[in-house]
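Visitor: Can you read through this structure? Questions will come right after.
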Amino acid sequence: LIFADIETVNKKIDNAKKKLKADKKFAQEVELFEKIKSTLEDGKSARTIEFNEEEQEILKDTFLLTMKPILYIANISEEQLSNPFEDKNVAQVVEYAKTEGADVIPLCVKIEEELASLDGEDKKEMLEALGLEESGLDKVIKASYDLLGLMSFLTAGEPEVRAWTIKKGTKAPKAAGKIHSDIERGFIRAEIVSYDDLIKEGSMNAAKEKGLVRSEGKDYIMQEGDIVLFRFNV
């Protein structure tokens with residue numbers, strides 16, 4: 001990946017130097033790409049560099065591979081499950097990941113394979129026997145969503161329950177547009193109950209009786225685990 005990025009940066013430097021001959025304002029662009037090239041040639045990823053807002057604007061269409069978010073997975077044994085970070089090899093991965101501002105998820109591939117073959121209560125029983133609250137795969141999915149700035153909201157009805165992926169900070173009308181553009185265009189309000197509240201109360205009617213179903217408008221920012229009924233008119 002580093003070699004691929006060096007090739008990309010070299011092309012950017014050449015282009016910036018050509019533009020610099022015509023306009024001195026491109027000096028910053030040349031300097032920036034030279035700095036990135038130097039870092040890459042030292043065997044470090046571009047993500048290890050701190051860029052200011054101006055530099056980020058210059059780089060927005062560069063698409064360097066080593067600037068992409070990264071998550072490290074440490075494969076451990078079943079014996080290490082209770083204290084994975086005490087293992088010296090995992091500790092080394094953690095130290096390396098820190099240099100890139102990245103997280104590390106320890107998981108046992110063998111255990112994950114067994115869990116993948118189980119459903120419902122059987123999977124829950126195995127997790128409890130291992131002293132785990134969730135599988136390593138679930139941790140990877142959650143960490144990946146956080147890394148990419150994503151979240152999910154739910155819609156529930158007679159035919160099906162569905163999860164919809166959106167960017168964190170998305171407002172209700174835009175979230176409605178993930179389902180259908182007409183819902184976004186004709187958005188009136190969103191009736192929302194949290195997943196935890198619905199599970200605790202057992203039904204939507206019970207949640208309504210407790211005042212746990214909220215009516216939110218166009219400025220509402222969606223939250224992880226919101227269960228939503230969008231009201232709209234087109």
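Visitor: Just give me the residues in segment 111-121 being surrounded by fewer than 12 Cβ atoms within 10 Å (Cβ to Cβ) and either over 13 Å from residue 140 (Cβ atoms) or of a type in the set (Ser, Thr, Tyr) (or both), in sequence order.
Guide: If the condition is that a residue be surrounded by fewer than 12 Cβ atoms within 10 Å (Cβ to Cβ) and either over 13 Å from residue 140 (Cβ atoms) or of a type in the set (Ser, Thr, Tyr) (or both), then 113, 117, 119, 120, 121 are the ones that fit.
Visitor: Can you give me the number of residues within segment 208-224 that are closer than 27 Å to residue 167 by Cβ and not in a loop (DSSP other than H, G, I, E, B)?
Guide: So the answer is 4.
Visitor: Got a sec? Which of 169, 101, 177 is modelled with pLDDT under 90 and either part of a strand (DSSP E or B) or among the small types (Gly, Ala, Ser) (or both)?
Guide: 101
Visitor: Which residues, counting only those in segment 66-83, are farther than 21 Å from residue 145 by Cβ and within 23 Å of the chain's Cα centre (by Cα)?
Guide: Of everything in segment 66-83, those that are farther than 21 Å from residue 145 by Cβ and within 23 Å of the chain's Cα centre (by Cα) turn out to be 66, 75.
Visitor: Which residue is farthest from residue 8 (Cα to Cα), if the candidates are limited to segment 72-90 and must be hydrophobic (A, V, I, L, M, F, W, C) and open to solvent by 40 Å² or more (accessible area, probe 1.4 Å)?
Guide: Of everything passing the filter in segment 72-90, 85 is farthest from residue 8 (Cα to Cα).
Visitor: Here's a follow-up. Scanning segment 225-234 for residues that are part of a strand (DSSP E or B) and more than 27 Å from the chain's Cα centre (by Cα), which turns out surrounded by the fewest Cβ atoms within 10 Å (Cβ to Cβ)?
Guide: Within segment 225-234, the match that is surrounded by the fewest Cβ atoms within 10 Å (Cβ to Cβ) is 231.
A quick yes/no check of all residues on (1) within 18 Å of residue 83 (Cα to Cα); (2) without any contact (Cβ under 8 Å) to a residue 40 or more places away in the chain; (3) polar (S, T, N, Q):
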| site | (1), (2), (3) |
| --- | --- |
| 107 | yes, yes, no |
| 122 | no, yes, no |
| 135 | yes, yes, yes |
| 142 | no, yes, no |
| 147 | no, no, no |
| 161 | no, yes, no |
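Visitor: Shifting gears a bit: Quickly run through segment 135-162 and pick out the residues that are among the aliphatic types (A, V, I, L, M), open to solvent by 60 Å² or more (accessible area, probe 1.4 Å) and under 17 Å from the mean Cα position of the chain (by Cα).
Guide: 137, 141, 147, 148
Visitor: Of everything in segment 1-57 that's small (Gly, Ala, Ser) and outside any helix (DSSP H, G or I), which residue is surrounded by the most Cβ atoms within 10 Å (Cβ to Cβ)?
Guide: By that ranking, first place goes to 45.
Visitor: Shifting gears a bit: Looking at (1) open to solvent by 50 Å² or more (accessible area, probe 1.4 Å); (2) farther than 30 Å from residue 25 by Cα, find the lone condition where residue 132 falls short.
Guide: Failed condition: (1).
The values are calculated or read from the model by the stated rules, or taken from the named source; none is laboratory data. Keep in mind that what you see is a predicted model, and the values were worked out from it rather than measured. All Cβ positions, even for glycine, are placed from backbone atoms using ideal geometry, and neighbour counts span all protein chains on display. Side chains are part of the model used for accessible areas, which takes the heavy atoms of the whole protein and leaves out ligands, DNA and RNA. Shrake-Rupley method; radii C 1.70, N 1.55, O 1.52, S 1.80 Å.
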